[in-house]
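**Student:** This structure is in structure tokens; I'll ask about it shortly.
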Amino acid sequence: MKNQHQPVAVEGYPFIGLFAFVSLFCAVVGWYCLTTISLGLTLFTVYFFRNPERYPPEDDNAIVASADGKIIFVGKVPEDRYFGGQEVTKISIFMNVFNVHVNRVPVNSKVIDQFYNRGRFFNASLDKASFENEQSGLLLETDSGVKLLSVQIAGLIARRIVSYPETGDLLERGRRYGLIRFGSRVDLYVPEGVEVSAKLGDKTVAGETVLGYLQ
């Protein structure tokens, strides 16, 4: 999968190249105010698409955050897509434009199904974003048979969800598996029997912050 070691996510290269070209052009023709603005946009784009290394905890039962950001919801919800309407725990992480937007695998697992739904672009911090916004989901299964659902959700500004895995892929916890451009959220659904340690308002670091433990 892409972006495993690059310091800047490859999806950012076209934007960085465009703003850098505009900066150079403006400098050559003497438009110094526009040069400063476009150079600032170039630097911000590099910052936005940064792709730092992360180091998951040693405990193989630990479930790690898929995204950098802030936990805006932790609670029981019915899940119809894959859990037959049973109550599961949903953990929602909101990413603002200043967070790292590369997403990571929460557990060692196999992709047993996936989906992509077109939708709206409400503010990703709103509850209705989980159901109405554009989104891409992976149904993951651990070696012990525990199923988790990880859903990338576009936000008010985000207009592009990138997810690398295919059904049948084996994923390693903490590895990069996709990204969402310009502000968004990731919802993780975990079934009964999973110990959840995440708390509302917690700040998360993708691939490192522990959200709970498999039993």
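**Student:** For the list (1) modelled with pLDDT of 95 or more; (2) within 23 Å of Thr204 (Cβ to Cβ), I need the number of the one condition that Thr36 fails.
**Tutor:** Status for Thr36: all satisfied but (2).
**Student:** So is Gly12 buried (at least 19 other Cβ atoms within 10 Å of the Cβ) and at pLDDT below 95 or not?
**Tutor:** yes
**Student:** In segment 152-186, what count of residues is obtained for those that are more than 21 Å from Pro52 (Cβ to Cβ), in a strand (DSSP E or B) and at pLDDT 95 or above?
**Tutor:** 1
**Student:** State the number of residues belonging to segment 56-91 that are at pLDDT below 95 and among the hydroxyl-bearing types (Ser, Thr, Tyr).
**Tutor:** 1
The values are calculated or read from the model by the stated rules, or taken from the named source; none is laboratory data. Remember, it's a predicted structure, so these values are computed and weren't measured experimentally. Reconstructed Cβ throughout: ideal geometry from the backbone, glycine too, with neighbour counts over all protein chains shown.
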